[in-house]
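Taking it in order: structure first as structure tokens, then the write-up.
We did not get these values from a lab; they are worked out from the coordinates using the rules stated. In this text, all values refer to a predicted model and were calculated from it rather than measured experimentally. Cβ: placed from backbone, ideal geometry, glycine included. Neighbour counts: every protein chain shown.
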Amino acid sequence: MLREIISNEWYVIFFVLCLSILALAKRSFSTRFNDFLLLVGKSKYLKIYARDQKFIDQFDALLFINLMISLSLFCFLGYSTFIDSIPFNLGTFLKILLGIGSIILIKILLERLIGSLFGIDTLMDSYLFQKTNYKNYTGLLLLPINILLVFTIPLSVNVFYVIFGLIFIINLIGFITSIKTHQKTIINNIFYFILYLCALEIAPYVILYKLFINS
């Protein structure tokens, strides 16, 4: 009886794509990329580049693409670990990629719309800049993590719990940084802040989880 051969061809293709995107970001924005690597633990990057932020920023766009691919691969590996052990399926992966990308982009557009409607564009832009960069930093870390999960580390529930903890800590640092930066505004509008958390920070991820499980 022949042994089943598991092909990692699609994983390799997407890993190479992500590495190419990061290499392009490094080559095109060398100084900024190096500063970005020190994002966690230092606020230098946020202070320097927040002043020059644009609605469509090429550097952020490259990191965002890497985030979408890396996060989708991680979710697929998580599905294979927690729910149903299946080989890589391009169709399923693209559905995950589309779902994650759509929810994050729609969420960002809604937040910008809210900022425009309430006349707090500057505040919202600053908040989104900080939050987006911590998410992109998560995507940067997920790339080597995914490579290890595919080629080195056996998939297990405990391993994923450790990675979930790491992702949570990074985004918690980003959240705390944003709170400290805008603490006066938040204290003066605590009710709206809680409403914002429930509607735009918690609900979208609950919806994404439901869609992921149902599909």
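Assign unit charges at the C-beta atoms only (+1 for Lys and Arg, -1 for Asp and Glu), then state the dipole size of the chain relative to its Cα centre in Debye, rounded to the nearest 20. Mind dumping the intermediate values first?
Details: 17 positive and 11 negative charges, 104 e Å.
Dipole of the chain, to the nearest 20 debye: 500 debye.
Would you mind giving the three semi-axes, in whole Å and largest first, of the ellipsoid equivalent to segment 82-149 according to its Cα gyration tensor? List each step's numbers first, then the result.
Details: eigenvalues 204, 51, 11 Å².
Those come to 32, 16, 7 Å.
Mind checking which helices in the chain clear 20 Å along their axis (Cα) and have mean Kyte-Doolittle hydropathy of -1.0 or more, DSSP H runs only? List each step's numbers first, then the result.
Values: long enough: 9-28 (28 Å, 1.43); 58-82 (35 Å, 1.47); 90-117 (40 Å, 1.74); 121-151 (45 Å, 0.44); 157-181 (36 Å, 1.91).
The qualifying helices are 9-28, 58-82, 90-117, 121-151, 157-181.
Output the direction-averaged projected area (hull surface divided by four) of the convex hull of the alpha-carbon atoms of segment 10-120, in nm².
Numbers: hull surface 35.9 nm².
Approximately 9.0 nm², given one-decimal rounding.
What percent does the relative contact order of the chain come to when contacts are Cα pairs within less than 8 Å and at least six residues apart? Mind dumping the intermediate values first?
Details: 127 pairs, mean separation 54.5, N = 215.
The value is 25 percent.
Evaluate the Kirkwood expression for the hydrodynamic radius of the chain, namely the inverse of the mean inverse distance over all pairs of different C-alpha atoms, and round to one decimal in Å. All intermediate terms of the calculation are to be shown ahead of the outcome.
On the way: mean 1/r = 0.0534 Å⁻¹.
Evaluated on the chain, it is 18.7 Å.
Students often forget the sequence filter, so: which aspartates and glutamates lie under 20 Å Cα-Cα from K135 once same-chain residues fewer than 8 apart are removed?
By straight Cα distance, K135 reaches D35, D52, D57, D60, E111, D125, E201.
Cut-off 10 angstrom, C-alpha nodes, Gaussian network model of the chain. Which of S178, S85, S72 fluctuates the most?
Highest fluctuation among the options: S85.
Go ahead and estimate [θ] at 222 nm for the chain from helices alone: -39,500 (n - 2.57) per DSSP H run with n ≥ 4, summed, over the residue count, rounded to 500. Numbers along the way, then the final one.
Numbers: 10 runs with 168 residues, N = 215.
Theoretical 222 nm ellipticity from helices: -26000 deg cm²/dmol.
Between I106 and I153, what length in nm is gained on full extension when 0.36 nm per residue of separation is reduced by their alpha carbon distance?
Fully extending the segment from I106 to I153 adds 13.5 nm.
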